[in-house]
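Working notes for the structure below.
The values are calculated or read from the model by the stated rules, or taken from the named source; none is laboratory data. Only a predicted model underlies this, so the values are computations on that prediction, with no experimental measurement involved. Note that we place each Cβ from the backbone using ideal geometry, even for glycine, and neighbour counts take in every protein chain shown. Side chains included, ligands, DNA and RNA excluded: accessible areas come from the protein's heavy atoms. Shrake-Rupley method; radii C 1.70, N 1.55, O 1.52, S 1.80 Å.
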Amino acid sequence: MIKINRKKKTAALMKTHAHHEGEEGGGGGDDHAHNGNETPAGMAHQLIDKRKTHLIKKLNNAKEHLPVADVIEIKRNEEIDDAIKRMLFETSLLPTIRGQEGKLISEYHQILVYCAQNGHWEGALKVYETLGQRHIPATFPTTFTTMLLACKNAKPFPNHELVYPILEEAEACGFALTREFYHSAMDVFRAAGHWRRAISVFNRMGASGINPTTHTYSLLEQSGAAAKNSDPSEVYAALTYAGVPAYLSYTAATACAQKRRPTDVGPIADWLGKDV
């Protein structure tokens, strides 16, 4: 029996597919233009595509503010890129059957989960862009929450630049944002050390009529405790003004003050640091 390497077979198919697209790309535009875009469904798809294009533009602007990764991280990202491209290509071969979109969406969500686990937010946005190109509707909260998780797990630092665009995209698609979705957005800012932006998401959640819970206050407390280059009194005042209970604001400010203390020096500190 002859064993066929699936990765090599997929790579060969991708090259063949790209070659045919290059040959046929010149004459396929007019046929696609008259593919029902004048119907209400077609107009809705065009609107969704425009929103996704707007999000991709914000993505490109966000890249300019991200730290440069080291050589090892770049190599790791290249390997993940290849894996995502292979999975996207294999999924693109699956036909879109009306009434059976759920299975196809599940396949793309598996790729999204892979991106989230590896912190590859660019791949997650590429999957979202592919959904729009195939006119497959995103699901809430799974699609957008997984994108936020990919931003949170990004290396070397969480990507907080895409939190607001993802929030706005979910709202533009007509979804009613939930408390848990706001918590996911706040958690990205908490992990990135941006406690002021976490408070802004909290204020946005309150303005939408959603009441906070103990988990909401816990996220804000952790965000304030991890504040960098901020005065503890400022952390306490901001959290209290936003509506966080005073004792939680005080706890966050105290933790922030303790992290700002200089390292202990002296004979006793030196003795404690030695192996006895």
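Of note:
- Among (1) outside any helix (DSSP H, G or I); (2) open to solvent by less than 60 Å² (accessible area, probe 1.4 Å); (3) modelled with pLDDT under 80, the one test that ASN77 misses: (1)
- Among the conditions (1) open to solvent by less than 70 Å² (accessible area, probe 1.4 Å); (2) at pLDDT below 95; (3) touching a helix residue (DSSP H, G or I) at 6+ places or on another chain (Cβ under 8 Å), GLY174 misses just one, which is (3).
- Filtering LEU248, LEU219 for residues that are touching a helix residue (DSSP H, G or I) at 6+ places or on another chain (Cβ under 6 Å), of a type outside the set (Ser, Thr, Tyr) and open to solvent by 20 Å² or more (accessible area, probe 1.4 Å) leaves a single hit, LEU248.
- Subset of the stretch 83-112 that is among the hydroxyl-bearing types (Ser, Thr, Tyr) and touching a helix residue (DSSP H, G or I) at 6+ places or on another chain (Cβ under 8 Å) - its residue that is surrounded by the fewest Cβ atoms within 10 Å (Cβ to Cβ): THR96
- Index of the failed condition, CYS115 passing every other in (1) out of contact with any Leu (no Cβ under 7 Å at 6 or more places or on another chain); (2) open to solvent by 10 Å² or more (accessible area, probe 1.4 Å); (3) in contact (Cβ under 8 Å) with a residue 24 or more places away in the chain: (2)
- Matching residues in the stretch 125-161 - criterion: being acidic (Asp, Glu) and touching a His at 6+ places or on another chain (Cβ under 7 Å): GLU161
- Which numbered condition TYR164 misses (of (1) in contact (Cβ under 8 Å) with a residue 24 or more places away in the chain; (2) open to solvent by less than 70 Å² (accessible area, probe 1.4 Å); (3) of a type in the set (Phe, Trp, Tyr)): (1)
- Only one of PRO165, PRO156 that is under 28 Å from ARG196 (Cα atoms) and modelled with pLDDT of 90 or more: PRO165
- THR139 fulfils the conditions (1) of a type in the set (Ser, Thr, Tyr); (2) part of a helix (DSSP H, G or I); (3) over 18 Å from ARG197 (Cα atoms) except for a single criterion, (2).
- Condition check for TYR128: more than 20 Å from PHE189 (Cβ to Cβ), in a helix (DSSP H, G or I) and open to solvent by 40 Å² or more (accessible area, probe 1.4 Å): no
- Taking each residue of the stretch 220-238 that is of a type in the set (Phe, Trp, Tyr) and looking for partners that are part of a helix (DSSP H, G or I) with beta-carbon atoms closer than 6 Å, six or more apart or interchain, yields TYR236/SER249; TYR236/ALA253.
- Residue in the stretch 190-208 that is under 24 Å from THR139 (Cβ atoms) and in a loop (DSSP other than H, G, I, E, B) present: yes
- Any hit, the stretch 223-233, residues being modelled with pLDDT of 95 or more, out of contact with any strand residue (DSSP E or B) (no Cβ under 9 Å at 6 or more places or on another chain), under 21 Å from MET147 (Cα atoms) and open to solvent by less than 30 Å² (accessible area, probe 1.4 Å): no
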